[in-house]
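The values are calculated or read from the model by the stated rules, or taken from the named source; none is laboratory data. Keep in mind that what you see is a predicted model, and the values were worked out from it rather than measured. Neighbour counts are summed over all protein chains in view; Cβ atoms, including those assigned to glycine, are modelled from backbone coordinates with ideal geometry.
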Amino acid sequence: MKLAYFSPLPPLKSGIADYSVELLLAMRHLATIDLFVAGYEVSDKRLINAFKIYNISEFPSRKRVDGYDLNVYHIGNNHLYHEDIYKMALSEPGLVVLHDVYIHNMVAAMLYGHGKSEEYVAEMRYNFGEEGERVAREFLNGVGKAPWERDGLPYPMTKRLVDRAKGVIVHSLYAREHVKSQRESVPVEVVKHHSEVIVEDEKAERFAARKRLGIPDDTVIFASFGYISPNRRIDEILKAVCRLSSLSGRVVFYLVGEVSEPGYKVEELVRDMGLEGKVFITGYADMDYYLDIMKAADICFNLRYPYYGETSGNLHRMLGLGKVVFVSDIGGFREYPDDCLIKVPVGNESEVLALQIERLMTHPRLRERISQHALAYAKEYCTLEVAAHNYVAFADQIRRGLEKVESFIEETARQLLHDGVNSDEELMLRAVAERIVDMALEERPRREGS
């Protein structure tokens, strides 16, 4: 099977880029894959040596030459990295990997952000009917918040993408339900996010990482990873750190990543709370340093609110390293077993966090038990080999389904031509046959559920 693969890749500073590197290196022995990127040079030498890499603008000519069985599109919520991929997924439908079931920010940046207000209104109407159009026009007239900034994220903008897709991969049942609510007939596969590294001994890895970093063994290390923004609940974590009087002399908190919103003054928060010298903001970190901090940490935070329906790659790195992790009790995070991480109710998290941290630090066996369950979960469900196999198996399933559809269309057209239909009507006949297939797919779930 030959795949055309569209995704952000290094040097882009994107979690999906890191994810794709890991996945591609595992998939390369299972399928022939060409990579397509939007106007930059891929920097990862492993990819350069293992794959043919083209600019996305070259796809039409490569398609004619190489005859790909299926296109694979990785979609996130950042228009800087995904706009060209999104447009290609609409014009050349294929298998969509939906890392984020919201993507309103990306679509709004593509349309409203480029002065295309009426196109934005039309997109809101396509997704949400008359209500969507009304909300969009009210916003354009200066009434209320921008739709993509409203509490509860009520306006996900994935319908057009889902309607065009040949199939969809998601990472959680939560995301699968969202996709099915938009188009019941589309094939959807849940492929759990992989853990690239799964260790055998969390404690040994922790002390080895601290030695490399020059951090004393008795230091209590908290850490949060990825973009630093309000929805990572950094304010609440900082408040919790302030409450930990019994640990105050030994605690350090690493924020590993870049501040993603210019107006978010996290350094001022640290200063105002008197936490200077305890909180370290690293900025963008290379993967070796990133993983060393993660390995060295006693407790990690992976909180989200507002929640955009995403599955966190960092969470799966933490599980694979046997970390004790706090997550928000929301959306897809609720699907993880309660014994392998700690779920925190959304809103005023600092008090709950402080109490739970005190409990963990005074009960080392509890920390060890959670760590062991995290590793067991990662080993059973999140290996890179399983993820790569599931991707290729589902892509092959979609390919075989498309071949059956094409065969049915051609056979229907031949039969009608044999029965005396004029060849000038071939396009009409193909459209009729395609609609018959669509109706069959739409009917199948109802029959299976009866």
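Give just the number: which of (1) modelled with pLDDT under 95; (2) farther than 30 Å from THR158 by Cα; (3) within 21 Å of the chain's Cα centre (by Cα) does GLY331 not satisfy?
(2)
Taking helices (runs of 4 or more DSSP H) that fall entirely within region 23-132, which contain at least 3 residues that are buried (at least 20 other Cβ atoms within 10 Å of the Cβ)?
Working: elements: 45-50, 59-66, 79-91, 104-110.
The helices (runs of 4 or more DSSP H) meeting that bar are 79-91, 104-110.
Among the residues of region 260-267, is there at least one that is in contact (Cβ under 8 Å) with a residue 60 or more places away in the chain, surrounded by fewer than 16 Cβ atoms within 10 Å (Cβ to Cβ) and outside the structural domain of ALA175 (by TED's automatic domain parsing)?
Just the residues of region 260-267 that are in contact (Cβ under 8 Å) with a residue 60 or more places away in the chain, to begin with: none.
Checked region 260-267: no residue is in contact (Cβ under 8 Å) with a residue 60 or more places away in the chain, surrounded by fewer than 16 Cβ atoms within 10 Å (Cβ to Cβ) and outside the structural domain of ALA175 (by TED's automatic domain parsing).
Which one of these does ALA393 not meet: (1) hydrophobic (A, V, I, L, M, F, W, C); (2) in contact with a strand residue (DSSP E or B) (Cβ under 8 Å, 6 or more places away or on another chain); (3) free of Cβ contacts under 8 Å to residues at least 12 places away in the same chain?
(2)
Kindly indicate the residue of region 177-194 that is free of Cβ contacts under 8 Å to residues at least 40 places away in the same chain and not charged (D, E, K, R) and also nearest to THR158 (Cα to Cα) among those meeting that condition. Walk me through it before giving the result.
Within region 177-194, the subset free of Cβ contacts under 8 Å to residues at least 40 places away in the same chain is 177, 180-183, 186, 188, 190.
Next cut, not charged (D, E, K, R) only: 181-182, 186, 188, 190.
On the way: SER181: 11, GLN182: 8, VAL186: 13, VAL188: 14, VAL190: 17 Å.
By that ranking, first place goes to GLN182.
Can you name every residue in region 353-389 that is free of Cβ contacts under 8 Å to residues at least 24 places away in the same chain and either farther than 15 Å from ASP298 by Cβ or not assigned by TED's automatic domain parsing to the domain that holds ASN231 (or both)?
Result: LEU355, GLU380.
Given the criterion in contact with a strand residue (DSSP E or B) (Cβ under 8 Å, 6 or more places away or on another chain) and modelled with pLDDT under 90, identify the matching residue among LEU238, LEU275, LEU247. Working first, answer last.
On the way: LEU238 fails: modelled with pLDDT under 90; LEU275 fails: modelled with pLDDT under 90.
Only one candidate qualifies: LEU247.
Scan region 314-328 for residues that are within 17 Å of the chain's Cα centre (by Cα) and either closer than 23 Å to ALA208 by Cα or not assigned by TED's automatic domain parsing to the domain that holds ALA354 (or both) and jot them down.
ASN314, LEU315, HIS316, ARG317, MET318, LEU319
If you check VAL179 against the conditions, is it more than 27 Å from HIS316 (Cα to Cα), of a type in the set (Val, Ile, Thr) and buried (at least 22 other Cβ atoms within 10 Å of the Cβ)?
No; evaluated as a whole, the condition is false for this residue.
Can you tell me which of (1) under 16 Å from the mean Cα position of the chain (by Cα); (2) closer than 24 Å to LYS87 by Cβ is the one ASP163 doesn't meet?
(1)
Checking GLY401 against (1) surrounded by fewer than 20 Cβ atoms within 10 Å (Cβ to Cβ); (2) more than 30 Å from TYR68 (Cα to Cα); (3) among the small types (Gly, Ala, Ser), which test does it fail?
(2)
I want to confirm something. Restricting to region 136-154 and keeping residues that are surrounded by 20 or more Cβ atoms within 10 Å (Cβ to Cβ) and at pLDDT below 95, which single residue is farthest from ASN77 (Cα to Cα)? Talk me through it step by step, then tell me what you get.
First pass over region 136-154, keeping only residues surrounded by 20 or more Cβ atoms within 10 Å (Cβ to Cβ): 136, 139, 147-148.
Next, only the ones that are at pLDDT below 95 stay: 147-148.
Details: PRO147: 15, TRP148: 11 Å.
So the residue we want is PRO147.
Can you name every residue in region 361-383 that is at pLDDT 95 or above, of a type in the set (A, V, I, L, M, F, W, C) and either surrounded by fewer than 18 Cβ atoms within 10 Å (Cβ to Cβ) or in contact with an Asp or Glu (Cβ under 8 Å, 6 or more places away or on another chain) (or both)?
Listed by number, the residues that qualify are LEU366, ILE370, LEU375, ALA376.
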